[in-house]
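For reference, the structure is listed below as structure tokens.
The values are calculated or read from the model by the stated rules, or taken from the named source; none is laboratory data. Since this is a predicted model, take the numbers as computed values, not measurements. As a convention, Cβ positions derive from the backbone with ideal geometry for all residues, glycine included, and neighbour counts pool all protein chains shown. For the accessible areas, the whole protein counts, side chains as well, though only heavy atoms, and no ligand, DNA or RNA atoms are used. Shrake-Rupley method; radii C 1.70, N 1.55, O 1.52, S 1.80 Å.
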Number of protein chains: 4
Amino acid sequence: MGILVTILREIESVVSEVDENQMKEISNYFDMNKRIFVDGEGRSGLMGKAFAMRLKHLGYEVYVIGETVTPSLQDGDIFFAISGSGSTKFVVENAKVAKGLNCKVLSVTSKADSPLAKISDEVLIVPATTKYDTGEKKSVQLLSSLFDQSVHIVLDGLCLILSMKNNITNEMALKQHLNLE
Amino acid sequence: MGILVTILREIESVVSEVDENQMKEISNYFDMNKRIFVDGEGRSGLMGKAFAMRLKHLGYEVYVIGETVTPSLQDGDIFFAISGSGSTKFVVENAKVAKGLNCKVLSVTSKADSPLAKISDEVLIVPATTKYDTGEKKSVQLLSSLFDQSVHIVLDGLCLILSMKNNITNEMALKQHLNLE
Amino acid sequence: MGILVTILREIESVVSEVDENQMKEISNYFDMNKRIFVDGEGRSGLMGKAFAMRLKHLGYEVYVIGETVTPSLQDGDIFFAISGSGSTKFVVENAKVAKGLNCKVLSVTSKADSPLAKISDEVLIVPATTKYDTGEKKSVQLLSSLFDQSVHIVLDGLCLILSMKNNITNEMALKQHLNLE
Amino acid sequence: MGILVTILREIESVVSEVDENQMKEISNYFDMNKRIFVDGEGRSGLMGKAFAMRLKHLGYEVYVIGETVTPSLQDGDIFFAISGSGSTKFVVENAKVAKGLNCKVLSVTSKADSPLAKISDEVLIVPATTKYDTGEKKSVQLLSSLFDQSVHIVLDGLCLILSMKNNITNEMALKQHLNLE
């Protein structure tokens, strides 16, 4: 079996256990009048940025923790955190601050019993092996690659749900797409 | 059919046309004594960063164009570019400079006849719809989502080839993984 | 004479030739209802980010070219470019695109006759040696250090003008300051 | 008195109290065989990046915490932290981890009795008002602007000391400067 089919099978086995009803539940928090703050470290953080970029194309007001123009969090904002282990120290600490400010905390993690999951208003479980464990979903890939790939697809799935809900066409999204480089 | 299965089918139809022999060909350029520079814009750029991060875990000397500590390109370096359309202006211009400096230019794009492909020493075709076209591989997803997802998997496939070639275990990779946040 | 006094004298000799009336002229373009896009490469880019961050604290809607959530430029936006030489390739190309979209192009450079200056609606000259020349203002420092330092002070001067104009106190600015890390 | 002269006077009053002998002491830690990791948040982080970029031009192996290709810290590395208050939470936590890994911790802060200063092997005091206090050095500028400006000059002073020590000319530095954009 080829390398790519092997990876696709791994992703399929993870993604098939993701709860699409829970994705829809989470999509209901996304409101054009709410500000969304995305947080994550390492490759999870990069998937978070890809998600934030697409949300922007869909018309949402979205920020990434750590970037230049990110404003202060306030009561009513959405804090969206991604962490495979659910225990990435600074992400969990930020989530606690967000919670204390009365933000809604939404998270994506592989661990339902992690500190991040416990503090979240809604959790989406993406049950892939991450870098610190050798869980049920064994992977031939290193570190959290399988988690990153699965999260990428799941978050783009969330974008697809949101684009359909808002009737956003490719042309409309393209207009929001950066026209500089 | 669920959202996630729909996306997975789309990815499968793209990835099944990626040439694994060409991936192995490209993997032969990756040498622990070579410096690798990754370039890409937007979501392609984020996939490039995820690739660069993993290459670092595998022990390669790798840099991302635009980051703080990226040194000057020199004769013999590898310039690795990602662009769905193959015509992202600044990526193509950088590839030309790299070529002029006698670097090897490797690229990932959906378009075999694009400016980026034409200038490259090796091209890996990932035949997914991108934001400016409605090619053969139609997608229900917006913009270049299908390209980004497919590139993510293909580049992680390249990492898997490289990790097997170098006998790198999860434990070895974890030691290279940033231990701060 | 100590190192720090030497640097301060160099900065003083540059900054004393900056036209404060021109700074006030430029400050008039900053409108709470306008979107401001900041662009720059290398250390000039970092000074641009520091400027953008402070503008955000002052309440402006500001974005940095190259960051995740930067939207598409539109008619009426402000494009603010920083380039010591005034000929940084991609900054000049972006300024041309911005101009073509009917944005106001404001720039900071050391060269009044540079491509960037020529295309700009307003130019602020910061006459410091940059990395490609050995102009009038000789420096013991390497590359464009003197330009970067002078630009930092001049842009913070612009922020001071704007904060006074809008009666923004430290307490008000602190509320806009990111409360996560 | 003009805006720029006012700012320069403020900077001068801060910088005149910076101990140049301590700067030389700290410069002795910079060794071409050591890896240097720079950490900071917000505008202090941007000054850290400007410093890291210049160190790279001088030939040092330097990384910025949070960027894509930053490797894991190891025994013997230098951890260089910047924080006006000396109590920026994640910077202090990272410094503790670095200390525990047997790295040398060097820091720049306005507060000699701060958590960051206490944990550091060497501290450089830049006694400017920061965003959370109204200390001795009052400033008409908002938040930590005066600290950022002073740190910029002090770190470039450190670069000047290092460039003289290593006999690095502008031409040599220019060769290390990124030749792409």
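Count Lys and Arg as plus one, Asp and Glu as minus one, and take only other residues whose Cβ is under 10 Å from that of A:P115; the net charge is then +2.
Based on DSSP H runs of at least 4 residues, each adding -39500 (n - 2.57), what is the mean residue ellipticity at 222 nm of chain A after dividing by all its residues, to the nearest 500 deg cm²/dmol?
Details: 7 runs with 82 residues, N = 181.
The helix contribution divided over chain A gives -14000 deg cm²/dmol.
Burial of accessible area (probe 1.4 Å, heavy atoms of protein chains only) in segment A:155-181, relative to its chain alone, reaches at least 30 Å² for A:D156, A:L160, A:N170, A:L174, A:Q176, A:H177, A:L178, A:N179, A:L180, A:E181.
How long are the semi-axes of the equivalent ellipsoid of segment B:1-148, defined as square roots of 5 times the Cα gyration tensor eigenvalues? Whole Å, largest first. Please list the in-between numbers first.
Numbers: eigenvalues 143, 51, 41 Å².
One finds semi-axes of 27, 16, 14 Å for segment B:1-148.
Plainly put, the tip 7 Å out from Cα toward Cβ on C:K34 is 3.4, 4.7, 4.8 nm from that tip on each other copy, the closest given first. Ranked by solvent-accessible area (1.4 Å probe, protein heavy atoms only, all chains present), the residues B:D156, A:D19, C:D75 order from largest to smallest as C:D75, A:D19, B:D156. Kirkwood radius and radius of gyration were both taken over the C-alpha atoms of segment D:24-76, and their ratio Rg/Rh is 0.95.
Extension gain for B:R9 to B:M172 (0.36 nm times residue separation, less C-alpha to C-alpha distance): 55.3 nm.
On a per residue basis, chain A carries 36 Å² of accessible surface, using protein heavy atoms and a 1.4 Å probe.
What a 1.4 Å probe finds exposed on segment A:47-127 is 47% carbon and sulfur by accessible area, rounded to a whole percent. Pairwise Cα distances in segment D:1-53 exceed 13 Å in 74 percent of cases. Hydropathy at least 0.5 by Kyte-Doolittle, axial extent at least 24 angstrom from the Cα trace: which helices of chain C, defined as entire DSSP H runs, fit? Span-like helices in chain C: C:145-165. Across segment B:87-181, the relative contact order, built from alpha-carbon pairs under 8 Å that are at least six residues apart, equals 16 percent. Only protein heavy atoms count here; under a 1.4 Å probe, C:K99 has an accessible surface of about 80 Å².
Per residue in segment A:23-60, which ones lose no less than 30 Å² of accessible surface when going from chain alone to all protein chains (1.4 Å probe)? When all protein chains are present, A:R43, A:L46, A:M47, A:K49, A:A50, A:M53, A:R54, A:K56 each give up 30 Å² or more of accessible surface. Using a 7 Å projection from Cα along Cα-to-Cβ, the label point at D:Q74 is separated from the same position in the remaining copies by 2.1, 4.8, 5.2 nm, smallest value first.
Relative contact order, whole percent, for chain B stands at 23, derived from Cα pairs under 8 Å and 6 or more residues apart. Shape summary of segment B:54-109, radius of gyration then Dmax from alpha carbon positions: 11.5, 31 Å.
How much accessible area is lost when chains A and B come together, counting both sides, with a 1.4 Å probe, in Å² rounded to the nearest 100? Could the numbers behind the result be given before it?
Details: alone 10230 and 10230 Å², together 15680 Å².
Rounded to the nearest hundred, the buried surface is 4800 Å².
My understanding is that a pair violates if its Cα-Cα distance is over 25 Å; which of A:K99/C:K49; A:K138/B:K56; D:K24/D:K99; B:K49/D:K165; B:K165/D:K34 do that in this structure? Check vs 25 Å cut-off fails for A:K99/C:K49; B:K49/D:K165; B:K165/D:K34. Distances between equivalent label points of D:N102 across the copies, with each point positioned 7 Å along Cα→Cβ, amount to 4.1, 5.1, 6.6 nm, shortest listed first.
Would you rank B:D39, B:D121 by solvent-accessible area, highest first, keeping every protein chain in place and using a 1.4 Å probe? Please list the in-between numbers first.
Values: B:D39 10, B:D121 55 Å².
If we order B:D39, B:D121 from most to least accessible, we get B:D121, B:D39.
Figure note: B:E20, C:E25, D:E41 ranked by solvent-accessible area, largest first, 1.4 Å probe, ligands and nucleic acids not counted: C:E25, D:E41, B:E20. Chain C has one residue whose beta-carbon comes closest to the axis relating it to chain B; that residue and its distance in whole Å are C:F90, 3. Binning all Cα-Cα separations of the protein assembly as shown at 10 Å, short to long from zero, yields these whole-percent fractions: 3, 15, 26, 28, 19, 8, 1, 0. Between B:V97 and D:E20, the FRET efficiency from the beta-carbon distance, with R0 = 35 Å, is close to 0.30.
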